[in-house]
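All of the numbers you see were taken from the coordinates with simple rules; none came from a lab. Note that the structure is a prediction, hence the values are computed from the model and not measured. Quick reminder, even Gly has a Cβ in these numbers, built from the backbone with ideal geometry, and neighbours come from all protein chains shown.
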Amino acid sequence: MDGLFAELKRRNVFRVGIAYLALAWVVIEVTDMAVPALNLPDSLNSIVFYLGIIGFPFALFFAWAFELTPQGLMKSEDVDQDQSVAHSTGRKLDFLVIALLAIAVLFMVWDGYLTPQPQPETPPVTEAPAPDINAASIAVLPFSDMSPDKDQAYFSDGISEELLNVLARIEGLHVASRTSAFSYKDSGLDIREIAGELGVAHVLEGSVRKAGNKVRITAQLIDTATDRHLWSDTYDRDLTDIFAVQDEIATAIVEALKETMGLEVAPEISVTADTANMSAYDLYLKGWQYFLARDHLTEAIAFLEEATRLDPKFTRAFEGLSATYSIMPFYSLNDRDYIALANETADKALALDGNLPFMHAIKAGNIASTLGGDVGRAIAGYDRAIALAPNNATILMWRGLQYLNMGYNDRAMRDFETCVALDPLYTNCISFIGNLQFYGSDIEKGFALESRARELGFTVGSVLEVDAIYRAYGRPMAVLAARNYFGTSSRAISVWMDALESPIGGPKPGLDQIEKLATEQGSSMEEIYGLLITFGAYDRVKANPFADISDIWYPPYAEFRRSPHFKQLIRDLGYDAYWRAKGFPLQCRAVGSDDFECD
């Protein structure tokens with residue numbers, strides 16, 4: 001056996017095998033890139049891969065049976081070992097393997113890290129200088145679940161969120177938003193790194209251990225500039241004291257920050273117990289965490305409905321239930337009339353407290369989600385909600401999206417930019433700002449913002465991003481961007497590229513293939529307006545109040561906006577009536593007393 005191994009090594013069989021595999025890998029990667037870019041048959045990928053597998057044993061056989069000599073290719077058994085140049089050939093193969101592996105590694109880096117940013121020649125975006133950090137600022141990180149079965153994360157997250165909400169009401173104290181602070185859950189980053197990214201001078205962290213009717217909450221306040229613990233404490237309580245504990249912790253934090261905030265006397269903290277029923281409170285926290293995660297929504301509703309049954313005066317449980325009802329149609333869940341239920345529940349919450357900004361925003365969204373609804377009332381509802389909670393990034397995003405759908409790009413941009421100023425890691429708002437860049441001339445900024453949103457976990461692709469890249473840089477770069485939308489489906493991407501290469505207007509072939517893939521991914525083509533317009537399927541662009549229809553305003557889609565299908569869409573959504581009452585968006589104008597036109 002040792003003799004066979006030595007002979008295999010002498011004849012460079014191992015080196016040839018490694019070189020072959022490295023070369024095959026490079027060829028397969030290049031083919032995968034070239035197929036959609038050059039509009040080649042999708043089956044070519046499979047053929048290349050199959051040929052690569054078939055060729056491997058032949059490469060090993062020829063390495064064993066033949067040797068390359070100065071006189072040409074000869075059978076290995078006919079070569080005098082004293083005259084053999086196998087060692088020299090082996091050295092050349094070593095260099096070849098190194099070169100091929102280097103190419104393969106570069107390709108992997110390109111494909112894995114660089115393709116989300118489709119313009120590699122663009123210089124990296126220079127990060128803005130770190131802003132001056134307000135000394136009276138704090139981030140509340142999600143508390144760790146230290147319960148025996150590790151099944152109380154919803155409870156520990158709820159406690160953290162409750163403390164954040166209490167601190168956010170204190171005048172003079174800047175509190176990082178929940179979305180940004182909670183994005184660092186289980187991140188493993190150093191506290192100083194987190195504080196630097198959030199732009200805060202202090203961090204509150206801790207843990208919750210819940211067992212039966214007992215809870216232990218440990219909290220500590222850290223000065224991130226010095227890494228010094230300003231305050232820490234542990235609270236062992238019955239669950240009936242949970243609101244009192246929040247009161248104690250918030251009071252201790254403000255006392256510790258009193259001088260930092262420039263106060264002679266710390267303000268008195270008062271946390272009102274929203275419910276005396278701890279079973280209802282536990283159910284509320286479970287349902288609310290599911291709502292925030294947009295996961296297990298049916299279970300969320302069951303928890304929240306039971307919470308309101310146990311305590312019919314539990315305001316926040318009604319808030320959570322109304323919010324969850326309102327988003328069900330957006331997830332294609334239509335087994336009940338969820339919009340009617342959302343309005344009914346919002347009214348119950350507002351009867352308990354008429355100044356609930358979230359409920360005014362939910363009712364506004366429900367009006368906008370009704371075909372032919374009074375869009376003016378919807379905007380007025382958003383305005384009232386924002387007046388009550390000017391720092392609520394989510395409500396600003398909702399109003400911004402409504403403005404965007406209606407063609408008011410300038411108003412939408414203001415709301416999205418305010419959203420990001422309040423909550424720097426709000427991925428939806430970052431993505432919307434990126435999309436709006438494609439409407440103008442700053443395409444590179446749009447790419448950077450969309451890439452940033454994906455880095456932060458935003459998983460929804462952008463049809464406009466692919467279209468803008470195609471128009472600015474051509475098919476090969478657009479293919480790379482399309483992977484963020486359709487993954488590695490070469491055929492679907494190729495069909496999409498063909499549609500982009502054809503003039504706008506008129507049906508284009510291949511939409512059925514795109515639709516099949518979209519269905520497999522759980523999407524409906526009726527919600528992807530940009531693709532329907534790209535493929536000229538104007539008749540399928542119907543009013544859908546539960547979809548983001550903002551793609552209709554993309555400048556290259558002007559032909560669609562001149563079609564009767566566009567006018568019918570706008571009338572079905574009730575936008576034309578609002579335009580006449582409040583003013584037309586910049587790209588549209590009235591024609592007579594009952595018509596309009598848009599560029």
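Descriptive notes on the structure:
- Residues in segment 441-456 reached by a label modelled at Arg471 [backbone nitrogen below 20 Å; 7 Å Cα→Cβ]: 441-451
- Shown is the FRET efficiency for Glu255 and Ala581, computed with R0 = 56 Å from the Cβ-Cβ distance and rounded to the nearest 0.05: 0.60.
- Taking amide H atoms as placed 1.01 Å from N in the peptide plane, the amide H of Phe143 lies under 5 Å from those of Ser160, each 5 or more residues away in sequence or on another chain.
- Cα-derived Rg to Rh of segment 327-408, Kirkwood definition: 0.96
- The slack in the chain from Ser593 to Arg414, taken as 0.36 nm per residue of separation less the alpha-carbon distance, amounts to 61.4 nm.
- Stretching Glu455 away from Thr298 to a fully extended chain increases their span by 53.6 nm, per 0.36 nm per residue minus the current alpha-carbon distance.
- Cα gyration tensor category, rounded, prolate or oblate, for segment 286-382 with a/c compared to 1.5: oblate
- Backbone N within segment 271-304 under 14 Å of label point (7 Å from Asn213 Cα along the Cβ vector): 277-279
- Protection proxy ranking, peptides 349-362, 293-306, average beta carbon neighbours within 10 Å, highest first: 349-362, 293-306
- Packing-based ranking, highest mean first, of 540-552, 508-520 given that Cβ atoms within 10 Å are counted: 540-552, 508-520
- Were the residues from Asp190 through Asn334 laid out at 0.36 nm apart, the gain over their Cα-Cα distance would be 47.4 nm.
- Descending by average beta-carbon neighbour count within 10 Å, the peptides 242-250, 422-430, 141-149, 267-275 line up as 422-430, 242-250, 141-149, 267-275, the highest first.
- Given Lys185/Lys348; Lys185/Lys313; Lys150/Lys214; Lys445/Lys582; Lys508/Lys567; Lys363/Lys445, the pairs whose alpha carbons are separated by over 24 Å: Lys185/Lys348; Lys185/Lys313; Lys445/Lys582; Lys363/Lys445
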